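Beneath this line is the structure, given in structure tokens, with notes to follow.
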Amino acid sequence: MGVITTSASPPEQVTRIAIVGATPVNIVEKSFWENDFYWANAKLPCRVDMEFSFDRSLARGLAGHAPATAGESVLEIGCAPAKWLIFYAERFGARVSGIEYSDKGARLSRENLAAAGVQGEVHASDFFEVEPHPHDLVLSSGFIEHFDEPARVLARHLDFIAPGGRLAVGVPNFRGLNGLVQRLARPDYLAIHNTAAMRPALYRRFAQANKLELLHLGYLGGFDPSIIALSRGSLLSPRRAIPGAITLLEGRFRALDVADHLEHRWLSSYLLAVYRLAR
């Protein structure tokens, strides 16, 4: 994998970033999640699909760098449609739960868990308002980049981690080729992603500021057209024709196994960071 090397252990006098004053602002309307996002019309049971390049790369990354053991508690922040909770329950035997602020997403997540025969609890709540309880592993995938202050959102995650527990945070990578294609295709879609959350330096600073052990920081997979939102305009429009042609070609190449391993900041579709909290 595209592993990013990290520096030595953090200094002793640093303190945890606190959520004070107004909570970070969500830059995405709730209606986007309920009407436009991929899970809005998901067919149940919806599981991680290892034939789908994005799912395959993230599943390998989580299994390799943030596995669970049977009976450990796993909490996912922004969990709809709960397919990653199903992944942890079925692959590792973990006890799973999630937080989802979209009512439709929470309902779909519960239905998906039931359809897959997985026991789990889904809290329909605002992440910043729900009462935290400690978990062995907290998973946050495609969440923090939708806020104006990703470092403060990261800090809130720590309230849900048990001593010695871990935090796995994944974000899409719109800083390289993906970002160029997305800006051409639909700049409005790119605008609801805070690219500051896609900089590896953020995750190094977060580890230092909170005395966390940074277990892993690296990119996952090669260029993946599945994260690109294409324009719905005329087929002859440059905003649709050019990105459409690029994603079509890349989609065919992405189907090859070798493409899973072309992990680089200019090519990869995802960035994954994994931390351990001190006991």
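Observations, loosely collected:
- For the chain, the number of Lys pairs separated by eight or more positions or lying on different chains, with C-alpha atoms closer than 16 Å, is 4.
- Net dipole in debye of region 137-234 [+1 Lys, Arg Cβ; -1 Asp, Glu Cβ; about Cα centre; nearest 20]: 160
- Rounded to the nearest whole Hz, the Karplus-based 3J(HN,Hα) values (6.51 cos²θ - 1.76 cosθ + 1.60, θ = phi - 60°) of region 212-221 follow the sequence 9, 7, 8, 6, 7, 8, x, 8, 10, x, with x at glycine and proline.
- Electrostatic bookkeeping for Met198 treats Lys and Arg as +1 and Asp and Glu as -1; over the other residues with beta carbon under 11 Å from its beta carbon, the sum is +2.
- Formal net charge of residues neighbouring Ala106 (Cβ-Cβ distance under 13 Å; K, R +1; D, E -1): -3
- Fewest-first ordering of Glu29, Glu263 by other beta carbons within 10 Å of each residue's beta carbon gives Glu29, Glu263.
- Note, ³J(HN,Hα) from phi for region 137-148, Karplus 6.51, -1.76, 1.60, rounded to Hz, x at Gly and Pro: 9, 10, 10, 9, 10, x, 10, 5, 6, 9, 10, 6
- Cα-centre dipole for the chain with unit charges at Cβ (Lys and Arg positive, Asp and Glu negative), debye to 20: 600
Every number here is computed from the coordinates shown, using simple stated rules; none is lab data. Computed from a predicted model, the values in this text were never measured in an experiment. All Cβ positions, even for glycine, are placed from backbone atoms using ideal geometry, and neighbour counts span all protein chains on display.
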